[in-house]
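Since every read-out is calculated from the coordinates, none of them should be taken as a lab result. Please read all numbers here as calculations on a predicted model, not as lab measurements. Cβ sites come from the backbone with ideal geometry, for glycine too, and all protein chains shown count toward neighbours.
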Amino acid sequence: MDLDALVAVDMHVHIESDGHGHTDMPDEFREAAQRHFGAAHTPLDVTAVAEHYRQRRMAAVVFTVDHESTTGHPPISNRDIAAQAAEHADVLIPFASLDPARGEEAVREARTLVEDHGVKGFKFHPNLQAFFPNDRVAYPLYEQIQELGVPALFHTGQSGIGAGMPGSGGIRLKYSNPLALDDVAVDFPDLKIIMAHPSFPWQDEALAVASRHTHVYIDLSGWSPKYFPPSLVQYANTLLRDKVLFGSDFPLLPPDRWIADFAKLDIKPEVRPRIMKDNAIELLQLTGARSDDLPATQPGASAASSSSSEALASDRAST
């Protein structure tokens, strides 16, 4: 990965298809989410995502979500995502997802995924996985991840998954209050924690947790920057300037749109590159040799890869 050539690192990108017909969630959830966000598109696999980001000279953290214990839907294979990401190592950084409900199996698999498959972090979705982040059932898994020295990324705040379905598809918002991560940060002081999304309706809680703990970060995915609350912009410019990360939530929110809106925010010139790339490089401890094989396309250029119906994507697409 040529870090100098990259213009950004997107910390939040979903792999929706394994490329062989299996998708990341049941059809009724996917169809409801697409209706809710006005973001109808064919589910994207690793290859399509890699091409999308390569044409923009960006890197992307990619993952699925393991929610089989709550929905009965088998996840896309973490190992397959990692193997395919390795084929696109110039632009893709693989995270994995393990449901804490899997117990010791998840603890063992976490080590295997990092040591044998090159996984660089783990994604949790408390709403979909139906657990509070500070539930002790997850602590053995956190302990393993902390020992492995890779970050844990947690969905926080509002979720579009289940929106518009009867009973919201059983998805409960109570699990994603970022204040629960204060306990996790206290109990695991060496675990790098990333809170995903502006954490509506708990933005102040997220800012308090991130500003209190040196090892807690915020990714800005899932919302167009034009909707960011003033407090988030203020903290990004000051106290959290080294701990705020660009993330889009692609395919629901395209990086081109996010970047165009971010350009209009009152972000200090010296802070902007930290949010777009430098903070992620430091957090993920990315290294890479220089290469000359990346195309010269800049962010905002159209992709020739599989269409994601970007013009229809929601401005607020927290998944």
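Give the separation of the Cα centroids, region 227-265 to region 3-41, in Å.
Computed from Cα coordinates, the inter-centre distance equals 19 Å.
Just tell me which lysines come within less than 24 Å, Cα to Cα, of Lys174; anything on the same chain fewer than 8 places away is out.
Leaving aside lysines fewer than 8 places away in the same chain, those within reach of Lys174 are Lys123, Lys192.
Per-residue ellipticity at 222 nm for the chain, helices alone: DSSP H runs ≥ 4 residues times -39500 (n - 2.57), over residue total, nearest 500 deg cm²/dmol?
After summing the helix terms and dividing by residue count, I get -8500 deg cm²/dmol.
What's the extension gain from Leu179 to Leu265 if we count 0.36 nm per residue and subtract their Cα-Cα distance?
28.3 nm
Roughly what percent of Cα-Cα pairs across region 86-219 reach past 22 Å?
The share of Cα pairs beyond 22 Å in region 86-219 comes to 37 percent.
Hey, can you grab everything whose amide H is under 5 Å from the amide H of Val62? Only 5+ residues off in sequence or another chain; H modelled, so Pro and N-termini drop out.
Under 5 Å from the amide H of Val62 lie the amide H atoms of Ile93, Phe95, each far enough along the sequence or on another chain.
Using θ = phi - 60° and the Karplus relation 6.51 cos²θ - 1.76 cosθ + 1.60, list the HN-Hα couplings for region 149-155 in order, rounded to whole Hz, with x at every Gly or Pro.
With the stated coefficients, region 149-155 comes to x, 10, x, 10, 9, 10, 4 Hz.
Would you mind calculating the relative contact order of the chain from Cα pairs under 8 angstrom and at least 6 residues apart, reporting the percent as a whole number?
24
Take the Cβ-Cβ distance between Ser211 and Arg102 as r, set R0 to 25 Å, and report the resulting FRET efficiency rounded to the nearest 0.05.
My answer for the efficiency is 0.15.
Find how much the distance from Val233 to Arg111 grows on full extension, using 0.36 nm per residue of separation minus their present alpha carbon separation; answer in nm with one decimal.
Full extension from Val233 to Arg111 adds 40.3 nm.
HN-Hα J couplings of region 106-112 from phi, Karplus 6.51/-1.76/1.60, θ = phi - 60°, integer Hz, Gly and Pro as x?
Using θ = phi - 60°, the values come out as 5, 4, 5, 5, 4, 5, 4 Hz.
Calculate the all-directions average of the projected area of the chain's alpha-carbon convex hull, and give it in nm².
Mean shadow area of the hull around the Cα atoms is 14.2 nm².
Could you tell me whether region 170-245 comes out rounded, prolate or oblate from its Cα gyration tensor? Rule is a ≥ b ≥ c as square roots of the eigenvalues, rounded for a/c under 1.5, then prolate if a/b exceeds b/c, otherwise oblate.
It comes out oblate by the Cα gyration axes.
Where in region 81-107 does the label zone of Glu68 land, with the point 7 angstrom along Cα→C-beta and an amide N cut-off under 17 Å?
Within reach of a label on Glu68, which here means backbone N under 17 Å from a point 7 Å along Cα→Cβ, region 81-107 contributes 81-82, 96-107.
Decide, for region 22-171, between rounded, prolate and oblate: order the square roots of the alpha carbon gyration tensor eigenvalues as a ≥ b ≥ c, take rounded if a/c falls under 1.5, and otherwise choose prolate if a/b is larger than b/c, else oblate.
Note, shape of region 22-171 comes out oblate.
At R0 = 51 Å, how high is the FRET efficiency between Asp187 and Ala40 if r is their beta carbon distance? Nearest 0.05 is fine.
E between Asp187 and Ala40, to the nearest 0.05, is 0.75.
Take every Cα pair under 8 Å in region 105-231 that's 6+ residues apart, average their separations, divide by the length, and report that relative contact order as a whole percent.
Once normalised by length, the contact order is 24 percent.
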